[in-house]
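Quick notes on the structure that follows.
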Amino acid sequence: MGHPAGMPAAGAPPSPPPGADPAKALPRDRREAVVAAVATAVGLMAGTLPTREFAGPVLRLLGEASGVSRVYLFDFQRKADGRYLVTQRYEWTAPGISPQIDNPDLQGLDMVVAGFGRWQEVLLRGEPVVGEIAEFPVSERPILEAQQILSLLVQPVFAGTRIHGMIGFDACAPREPWNGFEVSVLRIAAQAWGAAVLREEHDAQLRHMQRMEAMGRMAGGVAHDFNNVLSVVGGAVEALQGNGAAPVPTANDRYGRILRHALDQGRGLTRRLLDFSRPDSGQARELDLGEMVTRALPLLRQAAGSQVRVELGRTPAPRVRIDPVQCEQVLLNLVINARDAMPKGGRVRLEVGPDSGATAAPAGAGGRTLLRVTDNGPGIPPALRDQIFEPFFTTKAARGGTGLGLSTAYAIITAHGGTLRLGPAGGTGAEFLISLPAAGPARPRRARAAG
């Protein structure tokens, strides 16, 4: 994908945004201070520091140089219904200015409901919101005036083509009108912040893939050795049961049946371990993902049970290349997990459409298709979000969970060139995002190792 509408390509000359004064010259000392601060901030963000470590110093640099009262970063969270919720994550305040980082009204704020629909439209176009509060629409003033803001500048932060959030500059004391040059230079800081977020996301994905690959190799080795042990035990069970000619079942027969059942369970676990350790794209073929999910609906509804409603929404999207049986296995796992998380009933919604940047996956030449699976259950605790795709991790051990369902689903989607990730934290319920590349030429299948 290209740049979002209204967001200039790299090297394009900046144009003065609405609300800024292009004719008002910025005093030389402040002009130099802003440029120096942005240059230093970009250097911090371009390094190896994570966001949580560079956020404070960067916001302080920008705030002091621009002479404002408060600088902050809000995250955007796009919900399944298209709404955007914003939450303040970081903040710097000048001496004597009341912090807003703990203001409950600024956590999970629905921009449209709160009267900031104009902001949402402008920021999604890649343009800044800037000006005097007295000139803003009436619907926007109450929250701003309660913070004693007289004027502000808000720049969008894009991680690639996906909006990540916004960085804002509040003036709670009279200041010169925002200058076009000043707005354009501070926009560079917002772009650098977005690039740092994107780098962090890609680094996290790489670390996860490396960890999963290592665990896969370990799981394959365990499965191979375990299978050898099962073969020996199976031979012993057959010897224990004899040829089955005894007219009356003996104690050996009864114990043999118990052992045979345990063997079957062990072999099933071994197969799942091998599926995780050596995923391939199976019988992948080009298909319409929306049609495939539609055909799978009866199976998914049966698995969900009578207390959980399974819904489907579809919009035209690029065709993908995937094994439909393996895809059904992934969907079954997600639906069953949602069902188990909602013992009193609830709703699971599957949505298929083009991936317009809701994931961190690279777009590719033909675009991507997004399958979003959401439920209205209790959601996934923040402490577990980094573990749920790891093999053997389960919250259902008491009910026989093996911890291989989500890790196998992750391996299947990855083998098809896709990504499987959690949606953003916040709100209610769990959200899983499956992004698959548009169908291209058939790729050669990865050969499975023997054993």
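Tabulated values for the structure
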quantity	calculated
Residue, farthest from Ser435 (Cα to Cα), within segment 255-307, restricted to residues that are modelled with pLDDT under 65 and of a type in the set (A, V, I, L, M)	Leu269
Any chance Leu73 is at pLDDT below 85 and not assigned by TED's automatic domain parsing to the domain that holds Phe432	no
Failed item, numbered, when Arg141 is tested on (1) assigned to a helix (DSSP H, G or I); (2) closer than 17 Å to Leu85 by Cα	(2)
Among the residues listed as Ala23, Ala41, Ala37, the single one being modelled with pLDDT of 90 or more and over 23 Å from Arg162 (Cβ atoms)	Ala37
Failed condition for Arg60, given (1) buried (at least 16 other Cβ atoms within 10 Å of the Cβ); (2) touching a residue at least 60 places away in the same chain (Cβ under 8 Å); (3) more than 15 Å from Leu153 (Cα to Cα)	(2)
For Gly115: the one exception among (1) farther than 30 Å from Arg347 by Cβ; (2) in contact with a Pro (Cβ under 8 Å, 6 or more places away or on another chain); (3) in a loop (DSSP other than H, G, I, E, B)	(1)
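Table: residues versus (1) without any contact (Cβ under 8 Å) to a residue 40 or more places away in the chain; (2) surrounded by fewer than 19 Cβ atoms within 10 Å (Cβ to Cβ).
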| residue | (1), (2) |
| --- | --- |
| Asp81 | yes, yes |
| Val86 | no, no |
| Arg89 | no, yes |
| Thr93 | yes, no |
| Ser98 | no, yes |
| Ile133 | yes, yes |
| Ile143 | yes, yes |
| Met166 | no, no |
| Trp178 | no, no |
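The values are calculated or read from the model by the stated rules, or taken from the named source; none is laboratory data. None of the values given here were measured: they were computed from a predicted structure. When we count neighbours, we look across all protein chains shown, and the Cβ atoms used for this are built from the backbone with ideal geometry, even at glycine.
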